[in-house]
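The structure appears right after this line, and notes come after that.
The values are calculated or read from the model by the stated rules, or taken from the named source; none is laboratory data. Bear in mind the structure is a predicted one, so any value in this text is a computation, not a measurement. Positions of Cβ are generated from backbone atoms using ideal geometry, with glycine treated the same way; all protein chains shown enter the neighbour counts. Accessible surface areas use protein heavy atoms only, side chains included; no ligands, DNA or RNA. Shrake-Rupley method; radii C 1.70, N 1.55, O 1.52, S 1.80 Å.
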Amino acid sequence: EELVRLPTARLKDLSPVVGDPSATCDDLTSLPDICLPAVLHNLRLRFASDAIYTSIGPVLISVNPHKRLGHLDDFLRYCDDLDRAEDELLPPHVYRIARAAFTALVRTGKSQSILVSGDSGAGKTEACKLVVACLARLAPSGRAGATEAALGGALMLEAWGNATT
């Protein structure tokens with residue numbers, strides 16, 4: 001292993017972020033310099049402030065905090081925002097992805113998919129539970145049994161996920 005020494009003046013050239021190194025962004029496509037160090041730096045800063053969701057356009061990155069974040073009031077507040085705001089105006093969240101799929105389903109009448117991927121312990125089951133909870137919240141209340149069917153499907157989803165992990 002070799003130690004490389006650089007003049008202090010050159011350290012700014014090694015910064016993973018162009019501009020303010022303490023600034024973060026919700027959507028990685030808006031980074032001034034999209035490179036692996038800048039992406040990882042942004043995710044690290046957001047994770048440190050409990051902002052575990054970050055977008056890359058329509059894709060959501062979720063970094064498992066391995067602790068409980070927020071509570072029921074946050075969920076209800078976000079659901080209220082779901083009713084009022086356009087998808088692009090909402091902060092990155094699993095609920096935003098679920099709402100986009102639900103909206104496309106209603107608009108087109110065609111089936112929609114949400115892909116949840118990650119290593120064991122990455123939080124896939126928790127993310128799926130949040131998706132199902134949001135879909136149950138968005139489903140029209142006039143459909144008898146729709147909410148129960150969606151929530152019951154979550155149990156099957158978890159059982160299948162545990163069997164394949």
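Can you tell me which of (1) exposed (fewer than 10 other Cβ atoms within 10 Å of the Cβ); (2) at pLDDT below 80; (3) aliphatic (A, V, I, L, M) is the one residue 18 doesn't meet?
Going through the list (1) exposed (fewer than 10 other Cβ atoms within 10 Å of the Cβ); (2) at pLDDT below 80; (3) aliphatic (A, V, I, L, M), residue 18 breaks only (1).
For residue 69, only one of the following conditions fails: (1) at pLDDT below 85; (2) in a helix (DSSP H, G or I); (3) not charged (D, E, K, R). What is its number?
(2)
For residues that are among the basic types (Lys, Arg) and not in a helix (DSSP H, G or I), scanning just segment 104-143, find the one that is farthest from residue 64 (Cα to Cα). I'd like the intermediate steps shown before the answer.
Initial filter on segment 104-143 (among the basic types (Lys, Arg)): 107, 110, 124, 129, 137, 143.
Those left that are additionally not in a helix (DSSP H, G or I): 110, 143.
Values: 110: 31, 143: 34 Å.
Among those that are among the basic types (Lys, Arg) and not in a helix (DSSP H, G or I), it is 143.
For segment 85-119, which residues satisfy the criterion of being open to solvent by 40 Å² or more (accessible area, probe 1.4 Å) and more than 17 Å from the chain's Cα centre (by Cα)?
If the condition is that a residue be open to solvent by 40 Å² or more (accessible area, probe 1.4 Å) and more than 17 Å from the chain's Cα centre (by Cα), then 103, 105, 106, 107, 108, 109, 110, 111, 112 are the ones that fit.
Which residues, taken from segment 24-44, are open to solvent by 50 Å² or more (accessible area, probe 1.4 Å) and either acidic (Asp, Glu) or more than 15 Å from the chain's Cα centre (by Cα) (or both)?
The answer is 24, 26, 30, 32, 33, 34, 36, 37, 40.
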